[in-house]
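Report on the structure given below.
Since every read-out is calculated from the coordinates, none of them should be taken as a lab result. Just so it is clear, the structure is predicted and the values come from calculations on it, not from any experiment. Don't worry about glycine lacking a Cβ; one is built from the backbone with ideal geometry, like all the others, and counts go over all protein chains shown.
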Amino acid sequence: MCAPEHFGVEYVINPWMEGNVGQASSSVACRQWRILHDTLARQADVALLQPVAGLPDMCFTANGGFVIDTRFVPSVFSVVQRAPEVAHVQAWFEAQGFQVLQLSQDHPFEGEGDALLWPSDEGSGLLWAGYGVRTGLQAHRELCELLNLEVISLRLVDERFYHLDTCFLPLPDARVMYYPAAFDEASLQRIRSRVPAERRLEIGHEDAAGFACNAIRLGSTLVLNQVSEALARRLRAWGYEPIVVALSEFLKAGGAAKCLALLLAQESAAQPSSRPPLVSPIRNAALEMQGHLLDTGKLNSMLDVISVAGGSFTIDQLRAGGRRDQPSYVRLSVSAPDEQCLESILERLRGHGANVAHEVADARLVEVRAPGVAPRDFYSTTIYPTSVRVQGQWLRVQNERMDGVIVVSEEAARHQARCVLMRDLQVADRVVCGVEGVRVRTPDMRRAEAEFGFMTAAASSERRVAGAIEELALEMRRLRARGGRTVVVAGPVVVHTGAGPSLARLIRAGYVQALLTGNALPVHDIESNLYGTSLGVNLRHGVGVEGGHQHHLRAINTIREAGSIRAAVEQGILSGGVMFECVRQQIPYVLAGSIRDDGPLPETVMDLIEAQREYARAIRGADLVLMLSSMLHAIATGNMTPAGVHLVCVDINPSVVTKLADRGSVESTGIVTDVGLFLDLLARSLCPETLD
Ligand code: NAD
């Protein structure tokens, strides 16, 4: 122990300290500490460490290092304020003749605060170790291999319980007491798989906040700051007598009984010397990434991905772009509690464009056994340009799209990698599995994401919408001039809002190279041209027409009688509208069927797999995809479109626009507005000469 002569809350390094700077009294603390000391001294030998002025937290000796038999492992503090304590603690242990074992100085480890031995009668104790707030996972791996001790890693998810000893108390007879809300689900699983229910004591928030787990066990007594009557009863049933020592002054700094003492002799410490060397299940990878990492918040999201998935990280190198237009570079070391967790982290980070640094492994290829079924751990593609490493060569994947698998084949002694849909897999196809040997390049997303930011804001002002339309009109003019391809994906709302003629004008003026839609848009477009209504509503006056509800069925029947939309145009039955312009301008269209379709029209493709194929064919080579008020068709198209194509999604519902962004289609612009107004403004800008 170390007397709190210089104790005080002088900075904030945990949530308990917030609002308490300058509020802790060293004299009250000394009185409370003395009672704790005397209580312990009645049952144990207490050795004292000399307090040092300027180190107000040195009284929390549990964090200075970890002792196992005659060996001492000094801490590597993650918080700079406490780092100077280590030299004093280490000097004491050296003077006492302990063997000092150093961990790597690159990874934080906060001593017994995050490393608790589980007493065991057989002498093969194991270490419960915390990570996620202070200590890093990499330290667990080093402890396992240095001490030849099994380590069970538990991730702390509540900053208030920043050390394992604040929320977890291992007890003899394979029992534990802990506060479940302080851990992530995977860690709770690890506890449950080791400790049967009758040996687990889960405590509630009130006891946890009073630091009941932060107890010192001496034989059958537990010395602690606070314990509820209910918990005391449960502890007594297990044969423990709780002794309460009020330590309120130390709570202001986020510590209590257990933090104030470091165990010098651990009961179950001795490890059988004959035990073969243990290998830690913890896995590491070095990742690197370049781009607008800071101004887009991308680095933050990546680090969150690692933490939320249960990993820990250190940033080995970070080079910030000096100017607004310059990219930044980061190199990270990522650790995960096991191989599976690392793979899942890497897979998610791939989606953000992070690549394994100095990748030297080839991609792992596994043969398909049953048609249409991928090997279990197949790599699932994103929309970004992807390469795979095969026999030391990086191959660019062909036919990229998201939610596919990568098949590597060999033709004329040359390897090829292509993206294939799971249902198209053939027996003996070789599929890329895992994330090794896969490299993904994300585009510069600064501009795209910024635009998304303002467009998805529920209240995007009309002026901003008008500005976005002007920008789009400029892009469409340029595309038309250079023979580029614009594909329009549209739903029937286009016709209901009266914007059919605007879309028809754009087609007539050569701004659209393909139309992807369903059954409904052509039905209502044809209805409006034959009867002047859309779903029976007069488009000029916006009122329902007597008997109008039959119009769309009559329109379908007319086209079925003619044989096709094309035939109806050729026979002079259909003389205007979106579909008429498509036929006249020879613009290909794909009508993908759905379960709610009436009719359908003869050209509606009711085989969905065939419809997906036709959509994918139509998108090939597109520069711009304009998605107009069809959630169904917009999301379907977003999934099939490779990176490098500008997607513009117009919908009145912001969540549809956001959904598109969530699918990873990042080069997207979202415009939250009425599609009727949008098309009217766009057509006015692009083809004013054709206005009625
Ligand atoms: P959807 O729900 O996928 O998309 C409609 C989208 O339009 C929604 O996202 C909505 O927010 C948006 N929207 C509504 N009003 C808007 C406005 N004024 N401005 C901008 N956006 C607006 O539905 P869908 O694409 O219309 O239809 C899905 C499928 O059902 C299609 O295949 C379609 O052909 C079929 N369908 C068939 C019939 C028919 O055959 N009679 C009728 C309707 C739909």
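Details
- Evaluated over the chain, the Cα radius of gyration and Dmax, each in Å: 33.5, 106
- Fraction of alpha-carbon pairs over 14 Å apart in segment 576-617 - percent: 53
- Look at the alpha carbon pairs under 8 Å that are at least 6 residues apart: their mean separation over the length of the chain gives a relative contact order of 9 percent.
- Computed E for ALA53/GLN96 - FRET, C-beta separation, R0 30 angstrom, nearest 0.05: 0.85
- Straight-line reach from LYS298: taking Cα to Cα under 27 Å and skipping same-chain neighbours fewer than 8 places apart, the lysines in range are LYS659.
- Between THR70 and SER248, the modelled labels are 4.6 nm apart [label points 7 Å from Cα along Cα→Cβ].
- Distance from segment 339-365 to segment 587-625 (C-alpha centre basis), Å: 35
- Gain on full extension, evaluated as 0.36 nm per residue between GLN398 and TYR11 minus their Cα-Cα distance, stands at 133.8 nm.
- With all pairs of different C-alpha atoms in the average, the Kirkwood value for the hydrodynamic radius of segment 1-88 is 14.1 Å.
- Segment 559-586 and segment 72-121 have Cα centres spaced 81 Å apart.
- Residues ARG584 and ASP106, FRET efficiency given R0 of 45 Å [Cβ-Cβ distance, rounded to 0.05]: 0.05
- Helix runs (DSSP H) in the chain reaching 27 Å along axis by Cα, Kyte-Doolittle at least -1.0: 462-481
- Annotation: extensible slack from ARG617 through GLN426 equals 66.7 nm (criterion: 0.36 nm per residue apart, minus Cα-Cα distance).
- Stokes-Einstein D in µm²/s, Kirkwood radius over Cα pairs - segment 469-609 at 20 °C with 1.002 mPa s viscosity: 139
- Förster-model FRET efficiency, 30 Å R0, LEU278 and HIS358, C-beta, rounded to 0.05: 0.60
- In the chain, helical runs assigned H by DSSP with n ≥ 4 each contribute -39500 (n - 2.57); averaged across all residues and rounded to the nearest 500, the mean residue ellipticity at 222 nm is -9000 deg cm²/dmol.
- About the centre of its Cα atoms, the chain shows a dipole size close to 1160 debye [charges on the beta carbon of Lys, Arg (+1) and Asp, Glu (-1) only; nearest 20 debye].
- Modelled spin labels at VAL28 and VAL80, positioned 7 Å past Cα toward Cβ, are 3.1 nm from each other.
- Taking segment 486-632 and dividing mean pair separation by its residue count, relative contact order in percent (alpha carbons under 8 Å, at least six apart): 34
- Separation in nanometres of the label points that stand 7 Å from Cα toward Cβ, at HIS549 and ARG596: 1.7
- Annotation: aspartates and glutamates with alpha-carbon distance below 14 angstrom to LYS252 (same-chain offsets under eight excluded): GLU10, GLU18, ASP57.
- Between ARG42 and SER120, residue separation times 0.36 nm minus the direct Cα-Cα distance comes to 25.6 nm.
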